[in-house]
Structure formats: C-alpha cells, structure tokens
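Written below as structure tokens is the structure these notes are about.
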C-alpha cells in the first residue's frame, strides 16, 4: 500500500511541476493539478494540505541544493588566481548537475514563484553569490595588494552572472551544450579575476 501512495505522490508532483512551470504559482490551481494527475481535487488534498505546501514540495529540493552548494563552500579562501580558477571549475560542474536534476524547478523558482516565500529567489541567489564572491576573493586580493574602492562591483558581477545562468537555463535543452555554455560563462566572468582587478 505504501508503494502505491508513493507512486500517487510522484504523479502529483509531476503534474504540479508541469502546472507551475506553465502558469506560475498564482495562476495555478489545485483543481487543474488534480486533473493533470488524473484524480479528484479531494484526493489531492489528502496528500497536500494546500497549494503552497505542494509548491514547496516541488521547488524546495532545487532551492535547497543551491543553498547547500553555497554553504558547503563558504569557508573557502583563495591565495591566488589559479586556486580560484580551479574552484570555479568545480562549482561549474556542481551547477551543471543541479541544472540537470532540477531544470524545471529552477525555472519555476525564477519565473513562477510570485506569491510565495521564494518569489525573490533570483535576488536571493544574487545576494548569496555576491557575498561568497567577496568572501572568496577578499584574502587573495589583499595578498596581491589590490584594494577594491567600491564593493558594488561584486554585486554587478553576481547579478550579471546569475542573469546569464538564467538565460542559459531557459535557452538550452541539450545538457552538454548547457554545461559548455555555463563553463564559458564562468570563465568569462571569473577566470583570472585577480588580474582583472589590477
């Protein structure tokens, strides 16, 4: 019986993912999601109390992976450009994997989360990236004798990078093309960044 319940739950999540991706949170309805899942709305409410709970069941795994990626690497510091470049290649691979596992969920977070606690997901990603960028580069830049006059440059880099990532997310269906473009984008924005601050 438990296996059957898990199958029904998976079916609901698949239907909800499609509905939220197509219509966003605000324009989606539990009735439509139930219809997509081939069940009554009453049965759907036995699995999820409301639309918000269902939305978070769909999107939280992707959001949590992004936060986890940032948090697990927050202690990193780099003494030179070479160390930073190697780390960025590693991060590119991690981002590529998150994209492969959660492409639809990321699209929903960016485009369809208005009216939820994730409606500022893009801005939150920019803030996370900006803060980590400052942290990652602080010691290395100081060690090179480079003083950043205006810290807003880190916000500009982070916002540009996240905007580029979102455009890649929306543009590419092919995983290899997507990975290559994320890698190119990472290199464009961040490779040899120490030298570019001179």
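The values are calculated or read from the model by the stated rules, or taken from the named source; none is laboratory data. Model, not experiment: these values are computed from the prediction. Note: ideal-geometry Cβ built from the backbone for every residue, glycine included; neighbour counts use all protein chains shown.
Scanning segment 179-188 for residues that are surrounded by fewer than 19 Cβ atoms within 10 Å (Cβ to Cβ) and at pLDDT below 85, we see that the one that is nearest to the chain's Cα centre (by Cα) is 183.
Can residue 191 be described as surrounded by 14 or more Cβ atoms within 10 Å (Cβ to Cβ) and assigned by TED's automatic domain parsing to the domain that holds residue 93? It is true that residue 191 is surrounded by 14 or more Cβ atoms within 10 Å (Cβ to Cβ) and assigned by TED's automatic domain parsing to the domain that holds residue 93.
Considering 148, 108, the condition of being within 20 Å of residue 192 (Cα to Cα) and at pLDDT 80 or above is satisfied by 148 alone.
Residues in segment 11-29 include none that are modelled with pLDDT of 80 or more and under 30 Å from residue 146 (Cα atoms).
Can you find a residue in segment 40-58 that is more than 28 Å from residue 153 (Cα to Cα), surrounded by 15 or more Cβ atoms within 10 Å (Cβ to Cβ) and either touching a strand residue (DSSP E or B) at 6+ places or on another chain (Cβ under 7 Å) or in contact (Cβ under 8 Å) with a residue 60 or more places away in the chain (or both)? Yes, that holds for at least one residue.
I'm checking my understanding of the structure. Among residues of segment 115-145 that are within 23 Å of residue 53 (Cβ to Cβ), at pLDDT 90 or above and surrounded by fewer than 21 Cβ atoms within 10 Å (Cβ to Cβ), which one is farthest from the chain's Cα centre (by Cα)? Looking at the filtered set, the residue picked out is 115. Of the helices (runs of 4 or more DSSP H) lying entirely inside segment 122-198, those containing at least 1 residues that are under 29 Å from residue 21 (Cβ atoms) and free of Cβ contacts under 8 Å to residues at least 24 places away in the same chain are 152-171, 175-190.
The set of residues from segment 96-114 being surrounded by 15 or more Cβ atoms within 10 Å (Cβ to Cβ) and outside any helix (DSSP H, G or I) comprises 112, 113.
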